[in-house]
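*Asks:* Supplied in structure tokens, the structure appears directly below.
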Ligand SMILES: *Cc1c(COP(=O)(O)O)cnc(C)c1O
């Protein structure tokens with residue numbers, strides 16, 4: 001049996017350190033903010049090559065508060081990928097903004113830069129690329145387009161902790177970068193958590209104020225804020241796990257390399273990775289014609305697999321009001337019909353990866 005993901009494995013590996021971090025917070029009596037949060041924010045900012053990190057309640061809030069901090073107002077347009085997880089779009093609509101989808105490159109699954117300009121209007125404020133499945137989007141052309149049109153860039157890095165774009169870690173390329181520490185992410189908390197990183201002190205300041213009731217000084221409220229903070233307990237656990245993130249991403253890469261070298265077949269479309277990036281390998285998606293058959297066969301063999309994502313946002317009832325036709329984004333739709341993600345995690349062995357690869361080929365009648 002090979003599960004898609006075992007969320008307890010990281011705890012089993014780091015039990016002594018995590019238990020002691022939790023005990024430290026419990027004994028300190030400081031449960032919101034304080035030194036544990038400060039310590040993690042400093043460590044995470046420096047890990048990401050960014051000047052500032054601000055902890056927030058979850059990844060959706062990181063995106064939402066970042067958009068507010070960039071000045072997105074009701075009616076403003078934000079360019080988003082057509083094939084992302086729906087949270088990216090929801091953050092835009094939560095500010096009253098309008099998600100304007102652009103199709104991905106069919107090899108990398110990330111926003112295709114040369115399709116962006118056609119989607120820009122007078123109301124466009126922000127370009128919101130997602131580093132989907134752990135691979136950084138092609139940021140340089142996106143940043144160049146943003147500069148040309150006076151737009152801001154917010155990156156959704158919920159799947160890309162520790163990934164590199166051209167020798168620099170994700171975290172400080174765009175105006176602001178949003179992170180999720182949902183338990184299943186590459187850097188996962190023991191519950192919900194999120195952060196933004198940025199090199200802009202005003203953006204960092206605004207996100208912190210917006211997540212703290214619109215207040216910087218106790219009982220002085222400058223704007224209508226909300227409550228979205230990263231718990232001290234989660235920050236302490238994340239500080240422990242951050243030390244192992246690079247090592248764990250290397251394990252993911254080793255699993256990815258096994259899949260890349262053993263799943264070479266005309267029937268299987270492997271992810272293509274840009275030359276100058278290092279993926280964080282959050283997921284390992286392949287595309288196959290007989291996707292549903294493969295899902296069923298792997299399940300029979302007790303091998304976990306999932307689809308990321310079965311229904312693109314434009315086809316969800318939640319976005320009926322935007323009035324997109326079913327076939328408005330054929331690339332996103334085709335991906336939703338053909339993608340299947342294989343198990344990949346730092347706690348999987350090479351033998352297990354080889355077994356998954358063998359089972360995939362066997363299921364498709366390729367061995
Ligand atoms: C997980 C995820 C989010 C949302 O993060 P939460 O912490 O669950 O709110 C946003 N965008 C992408 C691409 C994600 O994978």
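Just so it is clear, none of the values below were taken in a lab; they were calculated from the coordinates. All values reported here derive from a predicted model rather than from experimental measurement. Note: ideal-geometry Cβ built from the backbone for every residue, glycine included; neighbour counts use all protein chains shown.
*Asks:* Once both labels are modelled 7 Å past Cα along the beta-carbon direction, what's the residue 350-residue 302 spacing in nm?
*Replies:* For the pair residue 350/residue 302, the computed spacing is 2.5 nm.
*Asks:* In 10 Å bins starting at zero, report the fraction of Cα pairs in region 117-202 per bin as a rounded %.
*Replies:* 18, 47, 28, 7, 0
*Asks:* Continuing with this model, one more query. Report D for region 1-133 in µm² per second (integer): Stokes-Einstein, Kirkwood Rh on Cα pairs, 37 °C, 0.692 mPa s.
*Replies:* Calculated translational D: 184 µm²/s.
*Asks:* With a/c under 1.5 counting as rounded, go ahead and sort region 34-105 into rounded, prolate or oblate using the C-alpha gyration tensor (a ≥ b ≥ c being the square roots of the eigenvalues; past the cut-off, prolate if a/b is larger than b/c, else oblate).
*Replies:* Because a/c hits 1.5 or more and a/b exceeds b/c, region 34-105 counts as prolate.
*Asks:* Tell me the Rg and the Dmax, in Å, that the Cα atoms of the chain produce.
*Replies:* Answer for the chain, Rg first and Dmax second: 20.5, 68 Å.
*Asks:* Sticking with the crude label model, points 7 Å out along Cα→Cβ, report the distance from residue 276 to residue 1 in nm, one decimal please.
*Replies:* Each label point is offset 7 Å from its Cα along the Cβ direction, giving 4.7 nm.
*Asks:* With a Förster radius of 56 Å, plug the Cβ-Cβ distance of residue 16 and residue 318 into 1/(1 + (r/R0)^6) and report the FRET value to the nearest 0.05.
*Replies:* 0.80
*Asks:* Given 0.36 nm per residue, what is the gain on full extension from residue 264 to residue 30 after removing their alpha carbon distance, in nm?
*Replies:* Stretched out fully, the residue 264 to residue 30 stretch lengthens by 79.0 nm.
*Asks:* With equal scatterers on the alpha carbons only and no solvent term, can you work out the Debye log10 of I(q)/I(0) for region 245-363 at 0.17 1/Å?
*Replies:* After summing over all Cα pairs, the log10 values are -0.89.
*Asks:* Sequence gap at least 6, Cα distance under 8 Å: using those rules, report the relative contact order of region 247-347 to the nearest whole percent.
*Replies:* Details: 116 pairs, mean separation 38.9, N = 101.
In percent, rounded to a whole number, it is 38.
*Asks:* Can you pull the Kirkwood radius for region 310-351, inverse mean 1/r over Cα pairs, to one decimal in Å?
*Replies:* When all Cα pairs of region 310-351 are included, the Kirkwood radius is 12.5 Å.
*Asks:* May I ask you to order 98-108, 190-200, 55-65 by the average number of other C-beta atoms within 10 Å around their residues, highest value first? Mind dumping the intermediate values first?
*Replies:* Details: 98-108: 20.0, 190-200: 23.8, 55-65: 27.6.
Answer by packing, highest mean first, reads 55-65, 190-200, 98-108.
*Asks:* Antiparallel versus total DSSP beta bridges in the chain: what percent is that, nearest 5?
*Replies:* The antiparallel fraction comes to roughly 60 percent.
*Asks:* Considering Cα pairs under 8 angstrom that are at least six residues apart, work out the relative contact order of the chain and quote it in whole percent.
*Replies:* Details: 781 pairs, mean separation 79.4, N = 367.
It comes to 22 percent, rounded to a whole number.
*Asks:* Compute the distance in nm between two label points, each set 7 Å from the Cα along the Cα-to-Cβ direction, one at residue 115 and one at residue 39.
*Replies:* 4.5
*Asks:* Would you compute, from DSSP H runs of 4+ residues alone, the mean residue ellipticity of the chain at 222 nm, taking -39500 (n - 2.57) per run and dividing by the full residue count, rounded to the nearest 500?
*Replies:* -11500 deg cm²/dmol
*Asks:* How much length is gained on full extension from residue 148 to residue 326, taking 0.36 nm per residue of separation minus their Cα-Cα distance?
*Replies:* Value of the extension gain: 60.9 nm.
*Asks:* Is the shape of region 143-250 rounded, prolate or oblate, going by the alpha carbon gyration tensor and its root eigenvalues a ≥ b ≥ c, with a/c under 1.5 for rounded and a/b larger than b/c for prolate?
*Replies:* Verdict is oblate for region 143-250.
*Asks:* What relative contact order, as a whole-number percentage, does region 152-274 give when Cα pairs under 8 Å and 6 or more residues apart are counted?
*Replies:* Working: 161 pairs, mean separation 21.4, N = 123.
It rounds to 17 percent for region 152-274.
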